[in-house]
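Below is one structure, written out as structure tokens, with a few remarks after it.
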Amino acid sequence: MKKTLFVFFLVTSSLAVLQKGSASSPLAEQFPPAYEAYSRAVYSTTASQKELDGLFEKAQNGASDYDSWEKDALLALCYFMKGMESYFTDDYKTAGSWFDQAQKTMELSIEKNQNAFNTAYLTQIIMQNAAVKGFSFQIKYVPGLPKLIEKALTLDPHCTQALYMRNFYNCTVPIPYGKGYLVGADSMAQLLASEEKKSEIQKYLILSARGYALSKKNKKAEAVECYEQALEIFPNNSETLRALAELKK
């Protein structure tokens, strides 16, 4: 009888471990559903604040299913999305505070285990933070980002986020720091057409960044096409609608 109970204990304990593992597959391979739902709601820019707060809480609580660097990385991304909430409403001061918290938390993740995933997402957090901060922040962090991006690609040459950030840098940072808007735009087109795994949000970001770069070179028709394709993914995104309206004036 005791042996049967012992075997039963081993089986149930193993199932508990397996169940937790299935709930938290490696973060670099797949985001948890709660974070996916929250980030999509943020980029939709149509969810109510009450809805966003509830989704943020669920996404943040989901980090408890992870350990070590993954837990910090997911928390950092939750803070980053919280900052994006404010960014889309033009509340740059609040956005910057959340981006600061996201940056510090992602740096903690890197201290525990640097990999392509957390390194690439750190560059995105810094770039977004630079968009709402002053010149002193920008000159401190932005020129050094290409080396950080290349570090991520050294760790994993197929990291979609790192490939995106290398192109995004060129799409948004002028020469001599970047390689040129058209270089960035062409690279984004190649990434979009490639077989690299891309989420719907990544596809949206690729199209939006490409549209911005093309608009900077006065290629309005191509830029409009990119923004319209981005809006097929998030039809009501306020930033993309605003950019498109400017081009159509």
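The values are calculated or read from the model by the stated rules, or taken from the named source; none is laboratory data. Everything numeric here is computed off the predicted structure, so don't read it as measured data. Counting neighbours? That spans all protein chains shown, and the Cβs are built from the backbone with ideal geometry, glycine included. In case anyone asks, the SASA skips ligands and DNA or RNA and just uses the protein heavy atoms, side chains included. Shrake-Rupley method; radii C 1.70, N 1.55, O 1.52, S 1.80 Å.
Things to note:
- Residues of segment 90-141 that turn out to be β-branched (V, I, T) and modelled with pLDDT under 95, as a count: 1
- Being in a helix (DSSP H, G or I), modelled with pLDDT of 95 or more, over 17 Å from the mean Cα position of the chain (by Cα) and not small (G, A, S) is a property that K71 lacks.
- The single condition among (1) assigned to a helix (DSSP H, G or I); (2) on the phi > 0 side of the Ramachandran plot that Y164 does not satisfy is (2).
- Long-range neighbours under 7 Å by Cβ, at least six apart or interchain, first residue among the hydroxyl-bearing types (S, T, Y) within segment 172-193, second open to solvent by 60 Å² or more (accessible area, probe 1.4 Å) and not in a helix (DSSP H, G or I): Y181/K217
- Among the residues of segment 127-136, the ones that are open to solvent by 40 Å² or more (accessible area, probe 1.4 Å) and in contact with a helix residue (DSSP H, G or I) (Cβ under 8 Å, 6 or more places away or on another chain) come to 2 in all.
- Tabulated pairs, segment 218-246, first under 21 Å from K198 (Cα atoms), second among the acidic types (D, E) and modelled with pLDDT under 95, C-beta under 9 angstrom, 6+ apart or interchain: I233/E200; F234/E200
- Filter result for the condition that a residue is over 20 Å from Y164 (Cβ atoms), buried (at least 16 other Cβ atoms within 10 Å of the Cβ) and of a type in the set (A, V, I, L, M), over L231, L244, L214: L244
- Scanning segment 77-89 for residues that are open to solvent by 30 Å² or more (accessible area, probe 1.4 Å) and either closer than 17 Å to T105 by Cβ or assigned to a loop (DSSP other than H, G, I, E, B) (or both) yields one hit, T89.
- The test for being basic (K, R), touching a residue at least 24 places away in the same chain (Cβ under 8 Å), farther than 19 Å from P157 by Cα and surrounded by 15 or more Cβ atoms within 10 Å (Cβ to Cβ) does not hold for K198.
- Qualifying residues in segment 90-126 (those that are more than 14 Å from A162 (Cβ to Cβ) and touching a residue at least 40 places away in the same chain (Cβ under 8 Å)) - the one surrounded by the most Cβ atoms within 10 Å (Cβ to Cβ): S109
- Those residues of segment 127-138 which are over 22 Å from T240 (Cα atoms) and either in contact (Cβ under 8 Å) with a residue 60 or more places away in the chain or assigned to a helix (DSSP H, G or I) (or both), in sequence order: F135, S136, F137, Q138
- Test result for F117, within 16 Å of L75 (Cα to Cα) and either out of contact with any strand residue (DSSP E or B) (no Cβ under 7 Å at 6 or more places or on another chain) or in a helix (DSSP H, G or I) (or both): yes
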